[in-house]
Amino acid sequence: MKGKGSGIRGQGSGEVRSQKLEARSQSADSGFRALPSVDKLLESEELKPVLEHLHRRMAVRAIRVYLDELRQKIQAGESAAFAQDELVRRLERERKPTLTRAINGLGVILHTGLGRAPLAKAAQEALADVSEHFSSLEIDLETGRRGSRYRHIEPLLCELTGAEAAMVVNNNCAATMLILSSMARGKEVIVSRGQLIEIGGAFRIPDVMQQSGCKMVEVGTTNRTHLRDYKNALTPETALLLRVHTSNYKITGFTKEVSLDELVALARESKVLVVDDLGSGALVDLSKYGLPKEPLVQDSVKAGADVICFSGDKLIAASQAGIIVGKKKHIDLLKKHPLTRALRCGKLTYAVLERTLELFLDEERLVKEHALFQLLLKTPVQMQREARNLVRRVQADLQDRAGFTVKPALSEIGGGSLATESLESRVVAIRPKTMHVDELARRMRLHRPPVFGRVERGEYVLDFRTIRRDEIPIIAAALLSVFHQ
Ligand SMILES: *Cc1c(COP(=O)(O)O)cnc(C)c1O
């Protein structure tokens, strides 16, 4: 236990103390004395139900942190008293384990906070297989010598995208940094002002450029960038033209961006390279299924981009990973870059990626078996039926405590994919009568497994775009227990 802040700090000792300080230290003493001891709290009957779900050491830790905070406040002369509710709240947050399955009623399929998409069954099985046993991660089966971990995914990615070579790193942010560090360190990188995105979690293109040691040359304006803007910015120091897919926002109206084909033609003429950060990494054309269109990795390869990168856990919905595909000579250099070792993925990632990518070889099987497509392709009829099913399970019991309505809504795919497009969905909107809607949302989050819903205009909204049928009984049980608490 770190002894932070416990006890009275001896600042200014030996100095003349004013009467005010004297008074403060007296009230501080009584404030300290009013605090319960850790041992007493651990034995307390009232805390027993919540303590049952905690590791003892973690409970002691949470109690000490809370008491220390109170002591520091008292010390600083602020009013602070022990509040059991607050401690219970804190202890509930520590309930073990802290990383568990969750129920996503937010309607956002690729929600980074909720771990993005669930995995395909085949990927879950692969995960169990390589985690229980030793694995063939980095060994050549023919010779028994050290091999390459890329071999599990490189042929698949080349087949699926048409690229010459492929590799993976920890995530797409890592992929971008590796590419820029390896291909443009100390040189200039030209990018359109309309593509200087921030993805969230401090991933901003200008920062990534700086971190990678290249000089960003912005061209065009926020809404319009022309080919001549790139042309005029070219210097002998230019290493590459970077295109970034603006996956999480859309500029509409009087706009212009230069197509990848045009960028590639200009780059060839000027002997520089083109890198395409695609973000979501669509491998199938979603518009076939009535969903919004995302740029396909195959199209970027066909257009001739030298290196293309995208996430493994957006529209591929495998594990967190940054996938890089492109011309062999560039990928070979990336594989040898010192950063690559620091950014590499482990066996669990490779297992999940390999089995998920295999599904993409057969689109018919993919849409049937991949959890992502099961959610993307849910029909309004199906969602309506499921929403009604939930209401049927709870309405009679809870009619005095809440109002329930099934209604249409719009949900987004999320995860920086198709963020500007919405999908039609059905929701159950719950208007609680016995507690504030925020309290309902909080209690549902603290339920095991936690349930996440949107709070909208005084209603707690559960979106069936992201709720699976087998989760309905769990949500029903959560609602019953939360309203009867
Ligand atoms: C999502 C996204 C990233 C970051 O990808 P992570 O896999 O989350 O690191 C980078 N660039 C674009 C264009 C994105 O959409």
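If I filter the range 241-260 down to residues being more than 16 Å from the ligand (Cβ to nearest atom) and surrounded by 13 or more Cβ atoms within 10 Å (Cβ to Cβ), which single residue comes out as nearest to Gly322 (Cα to Cα)?
It comes out as Val258.
Inspect all residues belonging to the range 151-159 and state whether any of them is within 16 Å of the ligand (Cβ to nearest atom), assigned by TED's automatic domain parsing to the domain that holds Leu359 and not charged (D, E, K, R).
yes
Looking at Leu180, is it within 13 Å of the ligand (Cβ to nearest atom), surrounded by fewer than 20 Cβ atoms within 10 Å (Cβ to Cβ) and within 30 Å of Gly113 (Cα to Cα)?
Judged against the criteria, Leu180 is not a match.
So which residues in the range 78-126 are free of Cβ contacts under 8 Å to residues at least 24 places away in the same chain and within 16 Å of the ligand (Cβ to nearest atom), if there are any at all?
Gly113, Gly115
If the Cβ limit is 7 Å and pairs must be 6+ apart or interchain, which residue in the range 333-345 that is among the basic types (Lys, Arg) pairs with which residue that is not in a helix (DSSP H, G or I)?
Lys335/Met167; Arg344/Val169
Which ones in the range 21-44 are part of a loop (DSSP other than H, G, I, E, B) and surrounded by 13 or more Cβ atoms within 10 Å (Cβ to Cβ)?
Listed by number, the residues that qualify are Leu35, Pro36, Ser44.
Report yes if Ala371 is within 13 Å of the ligand (Cβ to nearest atom) and within 15 Å of Lys121 (Cβ to Cβ), otherwise no. Break it down stepwise before answering.
On the way: within 13 Å of the ligand (Cβ to nearest atom): no; within 15 Å of Lys121 (Cβ to Cβ): yes.
For Ala371, the condition - within 13 Å of the ligand (Cβ to nearest atom) and within 15 Å of Lys121 (Cβ to Cβ) - is not met.
Could you tell me whether the range 45-60 includes any residue that is charged (D, E, K, R), on the phi < 0 side of the Ramachandran plot, in a helix (DSSP H, G or I) and surrounded by 12 or more Cβ atoms within 10 Å (Cβ to Cβ)?
Looking through the range 45-60, none of the residues is charged (D, E, K, R), on the phi < 0 side of the Ramachandran plot, in a helix (DSSP H, G or I) and surrounded by 12 or more Cβ atoms within 10 Å (Cβ to Cβ).
Is the range 454-477 home to any residue that is small (Gly, Ala, Ser), touching a residue at least 60 places away in the same chain (Cβ under 8 Å) and over 30 Å from Ser287 (Cα atoms)?
Yes, the conditions are met somewhere in the range 454-477.
Matching residues to (1) within 16 Å of the ligand (Cβ to nearest atom); (2) within 18 Å of Phe360 (Cα to Cα); (3) not assigned by TED's automatic domain parsing to the domain that holds Val244:
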{"site": "Gly281", "(1), (2), (3)": "yes, yes, no"}
{"site": "Val284", "(1), (2), (3)": "no, yes, no"}
{"site": "Tyr289", "(1), (2), (3)": "no, yes, no"}
{"site": "Asp299", "(1), (2), (3)": "yes, yes, no"}
{"site": "Ile308", "(1), (2), (3)": "yes, no, no"}
{"site": "Ala317", "(1), (2), (3)": "yes, yes, no"}
{"site": "Ile323", "(1), (2), (3)": "yes, yes, no"}
{"site": "Lys328", "(1), (2), (3)": "no, no, no"}
{"site": "Leu334", "(1), (2), (3)": "no, no, no"}
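Does the range 94-127 hold any residues that are in a helix (DSSP H, G or I) and surrounded by 16 or more Cβ atoms within 10 Å (Cβ to Cβ), and which are they?
Within the range 94-127, the subset in a helix (DSSP H, G or I) is 112-114, 121-127.
Result: Thr112, Leu114, Ala122, Ala123, Ala126, Leu127.
So in the range 348-405, with the set limited to residues that are polar (S, T, N, Q), surrounded by fewer than 22 Cβ atoms within 10 Å (Cβ to Cβ) and more than 24 Å from Phe483 (Cα to Cα), which one is nearest to the chain's Cα centre (by Cα)?
Gln374
Could you say whether any residue in the range 208-215 is within 12 Å of the ligand (Cβ to nearest atom) and more than 23 Å from Ile153 (Cα to Cα)?
yes
Pick from Thr221, Thr161: which is of a type in the set (S, T, N, Q), buried (at least 19 other Cβ atoms within 10 Å of the Cβ) and in contact with a helix residue (DSSP H, G or I) (Cβ under 7 Å, 6 or more places away or on another chain)?
Thr161
For a quick check of your reading: which strands (runs of 3 or more DSSP E) sit entirely within the range 138-245 and have at least 3 residues that are touching a Pro at 6+ places or on another chain (Cβ under 8 Å)? Full working, then the answer.
On the way: elements: 165-169, 188-192, 198-200, 215-219, 238-244.
Because the criterion is at least 3 residues that are touching a Pro at 6+ places or on another chain (Cβ under 8 Å), no strands (runs of 3 or more DSSP E) in the range 138-245 meet it.
The values are calculated or read from the model by the stated rules, or taken from the named source; none is laboratory data. Just so we're clear, the structure is a prediction, and the values are computed from it rather than from any experiment. Methodologically, a virtual Cβ is constructed for each residue, glycine included, from the backbone with ideal geometry; neighbour enumeration extends over all protein chains shown.
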